[in-house]
Amino acid sequence: SRMKRLSRMLSSSCSQNSLALIDVKGFDPRDICVTVRDGKVIVSAEHKEEHNTCMAKTRNYRKLTKEFSLPPGVCENEVTYSV
């Protein structure tokens, strides 16, 4: 089930030093931006697609924004992330 897969991902990916695990499926790594400022980590992703056929034009647009406060005592310069 989806919950079991998520649980396995969390247990294999997170340590006690991890703040969050975010599902960014459907986004290219170039679409994802992580910023750290004012004691917060902000993860945003945006993806746009356009397809033209002889009959129609379709557009897909996805946007994700997540914001987390850093735990007390964590320096903004120490924050790392991976995609």
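Just so it is clear, none of the values below were taken in a lab; they were calculated from the coordinates. Here the structure is a predicted model, which is why all the values come from computation and not from measurement. Glycine gets a Cβ as well: all are built from the backbone with ideal geometry, and neighbour counts include every protein chain shown.
Shown in residue order for the stretch 20-25 are the 3J(HN,Hα) couplings computed by the Karplus curve 6.51 cos²θ - 1.76 cosθ + 1.60 at θ = phi - 60°: 7, 10, 10, 7, 10, 4 Hz (x for Gly and Pro).
A simple spin-label model places pseudo-atoms 7 Å from Cα toward Cβ; at H51 and I22 they are separated by 2.7 nm.
Given R₀ = 25 Å, FRET efficiency for T35-R62 by Cβ-Cβ distance, to 0.05?
Efficiency computed from Cβ-Cβ geometry: 0.85.
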